[in-house]
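Worksheet: the structure to be examined is printed underneath.
The values are calculated or read from the model by the stated rules, or taken from the named source; none is laboratory data. Computed from a predicted model, the values in this text were never measured in an experiment. Cβ placement follows ideal geometry from the backbone for every residue including glycine, while neighbour counts extend to all protein chains displayed.
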């Protein structure tokens, strides 16, 4: 369109005002080509056609699929829950169900709680200690059932040797392995004179899940 405007004849009256006159068609066309060549930095039609004829155009692309078999073969395969039950990974052998064998574990747990509670000093806030205990690992703790809907559990005490989502397993001083449900039970834990009561309903999670959970402070919890 611009080229057509440049080539158009200048009206006679306008030519007189400007002091110019229209050129012949050949001169106008030569001027137009020279002007466009110097003004437009894009390639000419011939150059553009040449570029397109020698350029590879990708019409479609599919990402190659990764070989999952090689990736899975490198990953270590663990046992699933059924396999663990079959080989009795969580079963404590009768000869190992002895209270004295777990006393060193209890000693380690006490030191772990003292460090977790920043020294567990007499001036420590009971609420601070309680919040730490809610997220702590209790393997090795001596726990006592102080309340339960099942009266036969009340008074049981021992070292916690296994914690599952819904139950505690403890070894008593009589070398008995006891399984105590968390729900509807309240447990007592003593560390350096601090006595804390743990509501089993708040512990109905695995220890790893409980450590990342945010607990809400409640006044009382009914059994």
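Taking the criterion of being over 32 Å from the mean Cα position of the chain (by Cα), modelled with pLDDT of 90 or more and in a loop (DSSP other than H, G, I, E, B), the only residue of the range 124-149 that qualifies is 149. All conditions in (1) at pLDDT below 90; (2) outside any loop (DSSP other than H, G, I, E, B); (3) under 22 Å from residue 108 (Cβ atoms) hold for residue 188, with the sole exception of (1).
Taking the condition out of contact with any helix residue (DSSP H, G or I) (no Cβ under 6 Å at 6 or more places or on another chain), surrounded by 14 or more Cβ atoms within 10 Å (Cβ to Cβ) and within 15 Å of residue 187 (Cβ to Cβ), does residue 110 pass? Here the answer is no, as residue 110 does not meet what is asked. Counting only residues that are at pLDDT 80 or above, in a loop (DSSP other than H, G, I, E, B) and under 24 Å from residue 179 (Cα atoms), the range 81-123 holds 5 of them.
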